[in-house]
Amino acid sequence: MWLLAVMFLASGLLLIVFLLKNRLEPSGSNVWTIRDVVQLAGVVLNIVALAIAVGAIQMAAASSKDNRESGQKQQQELEVSRKALEAVVATAQAQQALLEHNLSVSKAQSDLIAKQTQREEQRLARKPVVELLYGGSAVNDLANPIEIHRGAEFTRITLSIRNNGDAPAQKGIVVVIADPPTILVDRAEGRVAERRSHHRFETMISDIRPSAQAQEDYALQLDLHGPIPGEFTLSFNIFGENFEAVRRKIAFRVVPE
């Protein structure tokens with residue numbers, strides 16, 4: 001704007017000098033000729049054209065400045081948008097990684113639960129199979145009475161309990177009842193003096209491991225006291241926490257030595 005003011009001031013001075021040119025010349029005429037008018041118009045047009053050119057240049061410069069500032073502002077906005085987009089992408093990637101981690105953990109937990117369930121099903125499928133034996137043979141396979149010898153003070157009978165299953169037999173109880181009731185039944189070398197019925201004997205047995213693992217049977221030794229007839233029976237009832245009850249009624253025959 002200051003440049004335009006200076007240019008208009010200079011053009012006014014030139015115009016005044018041009019108008020007074022003939023006045024200052026001693027031999028000049030005071031009459032304006034066509035040549036003078038054309039020269040004056042040329043000077044004015046040049047001044048106007050120069051002013052328009054300068055104005056156009058300033059407008060172009062201002063527009064260029066505005067465009068540059070607008071471009072910088074747009075660049076800044078794009079940079080902010082890019083950073084925001086990168087943050088969104090990073091957040092999405094972190095969430096994806098967390099989701100994949102959670103899925104892997106969930107899969108591992110599912111596999112662990114499945115394995116535990118399978119082991120539990122296998123454990124539940126295993127069960128003990130308890131059997132009562134005499135002389136290494138199952139008593140339910142004996143067709144004839146078992147022959148025993150009468151002792152001087154007592155008559156000892158030795159049986160065994162075997163677990164043919166694939167799981168331990170737990171918390172077993174053996175109940176033995178003699179018939180006739182005149183026979184007194186006790187554990188070998190462990191006579192119980194005070195009890196309600198002497199012909200009825202009850203004892204707990206320790207857990208019996210499967211025979212495939214233990215390679216041994218649980219020994220059950222009984223001493224019979226009192227008058228023992230030539231033939232009698234003993235009823236065995238074996239109960240436990242995790243196996244079916246075993247009930248056997250065994251006939252015995254006393255033979256002389």
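Any read-out appearing in this document is the output of simple, stated calculations on the displayed coordinates, not a laboratory observation. What you are looking at is a predicted structure, and each value in this text was computed from that prediction instead of being measured. Positions of Cβ are backbone-derived with ideal geometry, glycine not excepted, and every protein chain shown enters the neighbour counts.
Some points to look at:
- Vicinal HN-Hα couplings computed from phi for the stretch 208-214 (Karplus, 6.51 cos²θ - 1.76 cosθ + 1.60; Hz; Gly/Pro x): 10, 6, x, 4, 5, 9, 7
- Charge tally around ARG119: other residues with Cβ under 15 Å, Lys/Arg +1 each, Asp/Glu -1 each, net -1.
- Every pair of different Cα atoms in the stretch 75-214 enters the Kirkwood calculation, which places the hydrodynamic radius at 22.0 Å.
- Calculated FRET efficiency for the pair LYS65/LEU45, C-beta based, R₀ 41 Å, to 0.05: 0.85
- Among 119-130, 82-93, the peptide with the highest mean count of other Cβ atoms within 10 Å heads the list, and the full ranking is 119-130, 82-93.
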